[in-house]
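Undergrad: Before I ask anything, here is the structure I am working with.
The values are calculated or read from the model by the stated rules, or taken from the named source; none is laboratory data. Just so it is clear, the model here is predicted, and its values are computed rather than measured. Note: ideal-geometry Cβ built from the backbone for every residue, glycine included; neighbour counts use all protein chains shown. Accessible surface areas use protein heavy atoms only, side chains included; no ligands, DNA or RNA. Shrake-Rupley method; radii C 1.70, N 1.55, O 1.52, S 1.80 Å.
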Number of protein chains: 2
Amino acid sequence: MDVFMQAAIDEARLGLKEGGIPIGSVLVHDGKIIGRGHNRRVQNASAILHGEMDALENAGRLPASVYREATLYTTLSPCAMCSGAILLYGIRHVVIGEHSTFMGEEKLLRDRGVQLQVHDDATCKDLMQKFIAAQPQLWNEDIGH
Amino acid sequence: MDVFMQAAIDEARLGLKEGGIPIGSVLVHDGKIIGRGHNRRVQNASAILHGEMDALENAGRLPASVYREATLYTTLSPCAMCSGAILLYGIRHVVIGEHSTFMGEEKLLRDRGVQLQVHDDATCKDLMQKFIAAQPQLWNEDIGH
């Protein structure tokens with residue numbers, strides 16, 4: 001297991017432990033994690049802190065050059081909002097834990113030149129499958145359904 | 001002047017007064033403002049709190065049905081991130097103060113069925129033109145350049 005995907009999974013598990021939606025993300029630059037986060041819809045009553053957004057926020061204000069060289073790891077295929085953030089900052093590489101429980105805007109990202117590496121990670125899928133089965137309403141709220 | 005666009009402009013001016021980037025937004029539902037905000041890059045050292053994102057965050061967790069009936073007002077054409085948030089939540093109507101200082105993802109939004117009303121508002125343009133001239137580096141940071 002890639003240490004960075006493992007860190008994203010650790011974030012997802014931390015979110016679950018807090019009573020939240022188990023999606024985690026880390027932003028990696030130059031071989032180091034410079035931002036990490038997880039979905040905070042429940043914890044912060046937040047409509048915008050998806051895992052990826054939380055990682056980007058926690059990374060702080062960065063020069064464009066850092067984003068261009070960074071890789072974003074996320075346990076789940078990024079939704080339209082998180083994909084939009086990826087495009088805004090010109091992040092070129094995204095590693096995705098799985099896209100079978102939710103398919104995000106992967107086509108849009110590829111069309112704009114973002115390189116995606118999609119895993120079929122059993123841990124990521126298990127976290128989401130159990131969560132969606134347990135709290136379908138909360139999950140639907142998170143993806144605007 | 002539309003009272004809701006005026007409220008978005010008031011938010012932009014508040015942001016400027018705080019030393020921030022003068023972009024404001026309000027989310028309107030059923031004739032009332034249910035969320036308002038402005039860019040907080042400087043104030044909160046935030047990479048994700050664009051005006052529209054701040055308005056969505058301040059509106060709190062909402063049922064999908066509210067977003068579908070809501071209108072988002074923003075003083076400036078929404079960037080990829082904010083457009084992605086609009087798509088995530090299925091907001092169908094967006095009113096834009098101006099798009100001459102920055103053209104956001106209007107084509108993507110229209111292609112996905114979002115109805116845009118674009119004004120050529122002199123106040124919105126004046127706020128941005130003066131800000132960009134005064135602080136080009138900060139502006140470039142905000143749009144990932």
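Undergrad: Go through segment B:118-143 and report how many residues are touching a Lys or Arg at 6+ places or on another chain (Cβ under 9 Å) and either within 14 Å of chain A (Cβ to nearest Cβ) or at pLDDT below 95 (or both).
TA: Total meeting the criteria: 3.
Undergrad: Find the residue count for segment A:41-99, including only residues that are at the interface with chain B (Cβ under 7 Å from one of its Cβ atoms), free of Cβ contacts under 8 Å to residues at least 24 places away in the same chain and among the small types (Gly, Ala, Ser).
TA: 4
Undergrad: Given segment A:32-123, what helices (runs of 4 or more DSSP H) lie entirely inside it while holding 3 or more residues that are open to solvent by 30 Å² or more (accessible area, probe 1.4 Å)?
TA: It comes to A:41-44, A:64-69, A:106-111.
Undergrad: Further question on the same structure: Please tell me if B:Gln129 is open to solvent by 40 Å² or more (accessible area, probe 1.4 Å), over 30 Å from A:Glu106 (Cβ atoms) and not in a helix (DSSP H, G or I).
TA: Judged against the criteria, B:Gln129 is not a match.
Undergrad: While we're on this one: For residues that are more than 12 Å from the chain's Cα centre (by Cα) and at negative phi, scanning just segment A:17-31, find the one that is most open to solvent (accessible area, probe 1.4 Å).
TA: Across segment A:17-31, the extreme among qualifying residues is A:Lys17.
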